[in-house]
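Quick notes on the structure that follows.
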Amino acid sequence: MHIDTHAHVNFNAYKDDADEVIKRSLSEDVFMINVGSQYSTSKRAVEMANRYETGVWAAVGLYPVQLQKRSFEYQDDYELPQEEIKTIGEEFDYKKYLELAKDEKVVAIGEVGLDYKHFEEGDDIQNLISLQKNIFLEFINIANEVKKPLIIHCWGNYAETKAYDDLLEILQNNPVKKAGVIHSFMGSRKIAKKFIELGYKIGMNGVITYSESYDKLIREMELKDIVLETDCPYLTPVPHKGERNEPLHVRLVAKKIAQIKETSLEELQKMTLHNSQELFDL
Ligand SMILES: [Zn+2]
């Protein structure tokens, strides 16, 4: 059995076949957490999880990029429900997210965090960065209130400022009761170590199959610190790169890590399963 700890079957990319995709995964013993990126996709993740007796859970959150106005060309058809294609920066509502977060199928708060990579021409960047930080702090409060872990998205640099450094500072100064996972980790071994010291797991997905860039980091990490994810429909692992990703492909991520670490697939599977069950209380 595997758990895909970061899937988006709640996104528009699966509007025609979400249940088929989920059933295909469950029948192969691949369970999943569907992660929200804004209120509508968070709510949909919760509804979806409640349709299944077991094996499907939800995380609710507001992805930092959703805080900024996005130009039409920038729209992500994979993510947004069709009727919201012209959406502009969501207004954060603490109470609405808190209510969703209390649902018993919700096992984490996410994805939330910092994103310094998707700023556009004309953005007031300093303002957006402080907005992202403030909203992230609000979600830390929600996580602590419902005692659930965080699924953190963190990416990019702005001039000299690295999002990972800012994130680390926030987490050091604002302890989270249940820590969480740094999803789609793309940082250095040094920074990974600091997150691990704070109790966080490192989320690995199909990106590690694209090149050898992550081999060294993975070799140096302990299995107890890794959880598996797909981030589907994005980041499809080799040899399916270019196709729409789905939770089943978490097995390819597992296989790649087992190869790099020269360990058996069984051992890798056992450890990462244990890590996710413990982290998300599954
Ligand atoms: Zn994601």
Residue in the stretch 22-39 that is at pLDDT 95 or above, in a helix (DSSP H, G or I) and within 16 Å of the ligand (Cβ to nearest atom) present: no
Residues satisfying the stated conditions in the stretch 51-75, i.e. modelled with pLDDT of 95 or more, loosely packed, with under 15 Cβ neighbours inside 10 Å and closer than 21 Å to Asp16 by Cβ: Arg51
Evaluation of Ile196 against (1) out of contact with any Gly (no Cβ under 8 Å at 6 or more places or on another chain); (2) under 20 Å from Asp281 (Cβ atoms); (3) within 16 Å of the ligand (Cβ to nearest atom); (4) of a type outside the set (S, T, N, Q) (one fails), failing number: (3)
Unique match (being of a type in the set (S, T, N, Q) and either touching a residue at least 40 places away in the same chain (Cβ under 8 Å) or in contact with a Pro (Cβ under 6 Å, 6 or more places away or on another chain) (or both)) among Ser276, Ser213, Ser188, Ser264: Ser276
Count - residues of the stretch 173-193 that are within 15 Å of the ligand (Cβ to nearest atom), surrounded by 18 or more Cβ atoms within 10 Å (Cβ to Cβ) and not β-branched (Val, Ile, Thr): 4
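Residue-wise test of (1) part of a helix (DSSP H, G or I); (2) within 15 Å of the chain's Cα centre (by Cα); (3) at negative phi.
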residue: Glu104; (1), (2), (3): no, no, yes
residue: Val107; (1), (2), (3): no, yes, yes
residue: Leu128; (1), (2), (3): yes, no, yes
residue: Gln132; (1), (2), (3): yes, no, yes
residue: Ile152; (1), (2), (3): no, yes, yes
Answer residue from the stretch 3-21, given it is in a loop (DSSP other than H, G, I, E, B) and among the hydrophobic types (A, V, I, L, M, F, W, C) and is farthest from the ligand (Cβ to nearest atom) among those: Val9
Some residue of the stretch 161-172 being part of a loop (DSSP other than H, G, I, E, B) and either in contact (Cβ under 8 Å) with a residue 40 or more places away in the chain or surrounded by fewer than 16 Cβ atoms within 10 Å (Cβ to Cβ) (or both): no
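The values are calculated or read from the model by the stated rules, or taken from the named source; none is laboratory data. As the structure is a computational prediction, the values presented were derived from the model and not from experiment. No Cβ is skipped: glycine too gets one built from the backbone with ideal geometry, and neighbour counts run over all protein chains shown.
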